[in-house]
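Down below is the structure, laid out as structure tokens.
The values are calculated or read from the model by the stated rules, or taken from the named source; none is laboratory data. All values reported here derive from a predicted model rather than from experimental measurement. Positions of Cβ are generated from backbone atoms using ideal geometry, with glycine treated the same way; all protein chains shown enter the neighbour counts.
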Amino acid sequence: MSDNFKPAIDSAQIAPGGMKAVEIDGREYVVCNCDGSFYAIDRRCGHMNAPLDFGTLDGVYLTCAMHCAQFDVTTGEALSGPVPHDYGTEPPPPKIGLVLRSVGLLMQKIRTCSIGTYQTKVLDGKVCIGPALEANSPPYSI
């Protein structure tokens with residue numbers, strides 16, 4: 001095996017449409033099985049650092065469980081920012097309303113950045129993760 005690729009997980013441990021978090025040399029990744037093609041991405045969301053393996057994978061599109069930001073696991077591109085919360089039409093109590101307004105102002109300044117993607121290959125039944133893909137530069141953000 002090439003020195004640039006490190007074994008991450010048995011390919012049989014990730015069903016098609018599934019994903020698993022792995023750690024190699026202190027770095028966290030998510031390995032995604034998109035109909036038999038494996039992709040490795042950074043584990044943390046490009047919006048607010050949530051673990052992406054808690055989200056959902058639909059084809060090559062991963063949706064973060066925290067705020068529904070979406071990413072393409074083949075490129076790492078941020079496809080959408082978080083989905084705004086619907087607090088309904090009834091006004092909140094004054095103190096909570098003040099907090100929500102403050103959080104809203106802060107959230108306007110937070111971007112959703114694309115995530116890192118890494119080369120993968122399957123060797124002897126193991127998904128191996130290699131160097132970052134070129135598509136990681138320059139970083140996208142929305």
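Restricted to segment 90-136, and to residues that are loosely packed, with under 10 Cβ neighbours inside 10 Å and at pLDDT below 80, which residue is nearest to the chain's Cα centre (by Cα)? Applying the filter and picking the extreme gives E134. Any residue that is under 25 Å from K6 (Cβ atoms) and either in contact with a Gly (Cβ under 8 Å, 6 or more places away or on another chain) or without any contact (Cβ under 8 Å) to a residue 12 or more places away in the chain (or both) - is there at least one of those in segment 92-101? No, segment 92-101 contains no residue that is under 25 Å from K6 (Cβ atoms) and either in contact with a Gly (Cβ under 8 Å, 6 or more places away or on another chain) or without any contact (Cβ under 8 Å) to a residue 12 or more places away in the chain (or both). Can you pull out the residues in segment 60-75 that are touching a residue at least 40 places away in the same chain (Cβ under 8 Å) and either among the aromatic types (F, W, Y) or closer than 15 Å to N33 by Cα (or both)? Matches in segment 60-75: L62, F71, V73, T74, T75. The residues of segment 1-28 that are at pLDDT 95 or above and of a type in the set (A, V, I, L, M), listed by number, are A8, I9, A12, I14, A15, M19, A21, V22, I24. Does R27 meet the test of being among the basic types (K, R) and within 9 Å of the chain's Cα centre (by Cα)? When the stated conditions are applied, R27 does not pass them.
Put simply, of I115, I110 the only residue that is assigned to a loop (DSSP other than H, G, I, E, B), in contact with an Asp or Glu (Cβ under 7 Å, 6 or more places away or on another chain) and not aromatic (F, W, Y) is I115.
In segment 1-100, counting only strands (runs of 3 or more DSSP E) that sit wholly within it, none holds 3 or more residues that are at positive phi.
Here's the yes/no breakdown for (1) surrounded by 14 or more Cβ atoms within 10 Å (Cβ to Cβ); (2) in contact with a Ser or Thr (Cβ under 6 Å, 6 or more places away or on another chain); (3) among the β-branched types (V, I, T):
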position	(1), (2), (3)
A15	no, no, no
V31	yes, no, yes
F38	yes, yes, no
I41	yes, yes, yes
N49	no, no, no
V60	yes, yes, yes
